[in-house]
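Just below is one structure, and these are the notes that go with it.
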Amino acid sequence: QVQLRESGGGLVQPGGSLRLSCAASGSMFRIYAWGWYRQAPGKQRELVATVTSGGSTSYADSVKGRFTISRDNAKNLIYLRMNSLKPEDAAVYYCNIVGGTFEWGQGTQVTVSS
């Protein structure tokens, strides 16, 4: 059973930056494409960034040019660097494989407010 643990969220002013981390247990980390998802109150969870096993990345239009996803296969970690944060980026952020089939972690709250 893969366990996911997200961290790094917090309160930031508009225009600020945060780096989220996700630690995943298990020995098969490197074979999966991973994604960062977010869910704002009253909205469905959405996929905002993905990174393939080969390191190729993709982004939702709403975050393109501001967010950067990366992975460290040696440490079973996935990162999300978020720059130029906007109030509409506020949400609970989660990591999971693309398709989201592992049990979800607790997520990490990102609040963007002045």
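Filtering region 1-17 to residues that are in a loop (DSSP other than H, G, I, E, B) and open to solvent by 40 Å² or more (accessible area, probe 1.4 Å) leaves Q1, Q3, Q13, P14, G15, S17.
I need a count of the residues in region 27-49 that are of a type outside the set (A, V, I, L, M) and in contact with a helix residue (DSSP H, G or I) (Cβ under 9 Å, 6 or more places away or on another chain). Here the count works out to 1.
Return yes when N76 is touching a strand residue (DSSP E or B) at 6+ places or on another chain (Cβ under 8 Å), without any contact (Cβ under 8 Å) to a residue 60 or more places away in the chain, closer than 27 Å to Q1 by Cβ and open to solvent by less than 60 Å² (accessible area, probe 1.4 Å) and no when it is not. So N76 fits the description; yes.
Reported count of residues in region 8-33, each being more than 17 Å from L85 (Cβ to Cβ) and either among the acidic types (D, E) or touching a Ser or Thr at 6+ places or on another chain (Cβ under 7 Å) (or both), is 4.
Taking into account only those residues within region 48-61 that are more than 18 Å from L77 (Cα to Cα) and either in contact with a Gly (Cβ under 9 Å, 6 or more places away or on another chain) or aliphatic (A, V, I, L, M) (or both), which is surrounded by the fewest Cβ atoms within 10 Å (Cβ to Cβ)?
A60
Pull up region 18-39, narrow it to residues that are open to solvent by 50 Å² or more (accessible area, probe 1.4 Å) and within 20 Å of Y59 (Cβ to Cβ), then point me to the one that is nearest to the chain's Cα centre (by Cα). Restricting to residues being open to solvent by 50 Å² or more (accessible area, probe 1.4 Å) and within 20 Å of Y59 (Cβ to Cβ), the top hit is R19.
The values are calculated or read from the model by the stated rules, or taken from the named source; none is laboratory data. Keep in mind it's a predicted model, so treat the numbers as computed, not measured. All Cβ positions, glycine included, derive from the backbone under ideal geometry; neighbour counts span all protein chains shown. When the accessible area is computed, the model is the full protein with side chains, heavy atoms only, and any ligands, DNA or RNA have been set aside. Shrake-Rupley method; radii C 1.70, N 1.55, O 1.52, S 1.80 Å.
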